[in-house]
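Following: one structure in structure tokens, then a few remarks.
The values are calculated or read from the model by the stated rules, or taken from the named source; none is laboratory data. Since this is a predicted model, take the numbers as computed values, not measurements. Every residue, glycine as well, gets a Cβ built from its backbone with ideal geometry; the counts of neighbours run over all protein chains shown.
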Amino acid sequence: MLEPVSAAHCLEVTPEVGFQRLLLSGDRATTCPLRPQADSVKTARDVTRATLREWGFPELGDDAALVVSELVTNAVRYACYSTRHFEDHPITLMLLRLSPHVLLAVSDPSDEVPTPKEPDFVSEHGRGLHIVETYSTCWGWDALDEGGKAVWALFLAGH
């Protein structure tokens, strides 16, 4: 069994090892391809909650489901504007257990950099990354080798 990885260590390893290699961690990873449509948000929430329960982290379910809802909503929105073909670059939900952390990531075909906006709490739009930042330990994004990006959020389990 690997030693626990701190959030800072995880973030330092990501660029050196490569985000995609980090996610290839055997039985400690779950992936779920998603269609670029609105009902993918519910699918992603359900997969996230079920995976966290299976891993023994049900207490993360609500916060992680809220964050994954925002990430998948953004991925669906930006996938529609991508010049890449969806079949070659699908939206994918990934969860990785790095005890005592869980890394949740959503990849999409768009190269558009996620940019937090000042949240407008009256509008229905513009709060997504503020929610991600509020409910996760930290978050960020990585460009993918074949194009597109993965936006990720890190959660500390057991607290």
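Key figures for this structure:
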{"quantity": "Residue match in segment 48-59 (condition: of a type in the set (A, V, I, L, M, F, W, C), at pLDDT below 85 and part of a helix (DSSP H, G or I))", "calculated": "no"}
{"quantity": "Unmet requirement for GLU146, which otherwise passes all of (1) at pLDDT 90 or above; (2) among the acidic types (Asp, Glu); (3) farther than 20 Å from GLN37 by Cβ", "calculated": "(1)"}
{"quantity": "Whichever residue in segment 93-112 is touching a strand residue (DSSP E or B) at 6+ places or on another chain (Cβ under 6 Å) and small (Gly, Ala, Ser) and, among such residues, is surrounded by the most Cβ atoms within 10 Å (Cβ to Cβ)", "calculated": "SER107"}
{"quantity": "Residue within segment 23-33 that is touching a Cys at 6+ places or on another chain (Cβ under 8 Å), modelled with pLDDT under 90, assigned to a helix (DSSP H, G or I) and surrounded by 12 or more Cβ atoms within 10 Å (Cβ to Cβ) present", "calculated": "no"}
{"quantity": "Boolean, VAL67 is part of a strand (DSSP E or B), in contact with a Leu (Cβ under 7 Å, 6 or more places away or on another chain) and at pLDDT 70 or above", "calculated": "no"}
